[in-house]
Amino acid sequence: MPGLIRAEGHRVIRAPVQRVWQLLSRIESHPRFTNIWMAADLKERSPASPLVEFRGFFGGLPVASVQRFSLKPPGRIEFRQVRGTLLELAGAYIIRDADGETDLLVQMTVDPGIALFSEAAVRQVLASHIEGALVKIKASAERDLARPSGRRRQQPAAEASAMVEDAGAERARAIEEEPEGAVEPPAAPDAPAAARPADVRGRRRRRRRRHKGGGTR
C-alpha cells in the first residue's frame, strides 16, 4: 500500500483575490473545477464550516467522501474527510495577492487505503487533479472578470433609439415649417413615344387611318 501521499501546485490568476475567493467559497460548485469529484451534496450549511458529500472517481474507481470545510476569508480554505471510501483525505486552497492578481496554491494529502494503487499511480492521480483544478479555476475567474456588464451591452441599443427619436423630431419640425400652398414637384413625364414597343405604335396609327376613311359607328 502506498501510504500517505502529498502534492501541491500553484498558478497566477489575472483576477483579484476577492474574485477567486468568491469562486472557491461556493463549496457545492467544486465539481466544476476538479477531475475527481463529479457531484456534491451540501449536508450542513454553515458560513464558516460547511459539510459536503462528494462523489466521483479516484484512479477509475468510484469513491465517496464526506468533507468538513473551514473557510478563513479572504485567503484560506481547508478541508478534511470525516468519512468516505478513501482512508484519509485533506487539503487546502491558499489565496495570496500578487500585485492585484492572485497566486493560488492548492495542497492535497491522500491515503487511498487501496492495495491496488501504487505510490506512482496515486501521485499521478493527485497531480492530474491539482493541475486540472488550477486550469479550470483560472479560466473561470479570468473569463467572468472579462465579461462586459449588462449596462455596457445595453448602451448601443439606447443610442440607436435616441437617434431614431431625433430623426423623427427633425422630420416633424420640417413639416410644421413648410409654407402653406406649397406646390409639389411635377411628376416625371411619360416615356417618349420612341421608347414604346413598335407594335403598339403601329396599332394606334392603323386605328386613326380607319376613322379618317369616313363612316361612323
Item to check | Filter result (part of a loop (DSSP other than H, G, I, E, B) and either free of Cβ contacts under 8 Å to residues at least 24 places away in the same chain or buried (at least 16 other Cβ atoms within 10 Å of the Cβ) (or both)) within region 108-131 | outcome: Pro112, Ile114, Phe117
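Here's the yes/no breakdown for (1) crowded, with 17+ Cβ neighbours inside 10 Å; (2) free of Cβ contacts under 8 Å to residues at least 40 places away in the same chain:
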position	(1), (2)
Ala15	yes, no
Leu23	yes, no
Arg32	no, no
Ala39	no, yes
Leu42	no, yes
Val52	yes, yes
Phe58	yes, no
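Condition check ((1) in contact with a Leu (Cβ under 6 Å, 6 or more places away or on another chain); (2) more than 17 Å from Val106 (Cβ to Cβ); (3) of a type in the set (Ser, Thr, Tyr)) across all residues:
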| residue | (1), (2), (3) |
| --- | --- |
| Trp21 | no, no, no |
| Asp41 | no, yes, no |
| Ala48 | yes, yes, no |
| Gly60 | no, yes, no |
| Val66 | no, yes, no |
| Phe69 | no, no, no |
| Tyr93 | yes, no, yes |
Checklist entry - Mind checking whether some residue in region 46-57 is at pLDDT below 95 and either in a strand (DSSP E or B) or among the β-branched types (Val, Ile, Thr) (or both)? => result no
Checklist entry - Restricting to region 11-38, what's the tally of residues that are at pLDDT 95 or above, touching an Asp or Glu at 6+ places or on another chain (Cβ under 9 Å) and either closer than 17 Å to Gln67 by Cα or outside any helix (DSSP H, G or I) (or both)? => result 6
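The values are calculated or read from the model by the stated rules, or taken from the named source; none is laboratory data. Please read these numbers as outputs of a predicted model, since none were measured by experiment. Every residue, glycine as well, gets a Cβ built from its backbone with ideal geometry; the counts of neighbours run over all protein chains shown.
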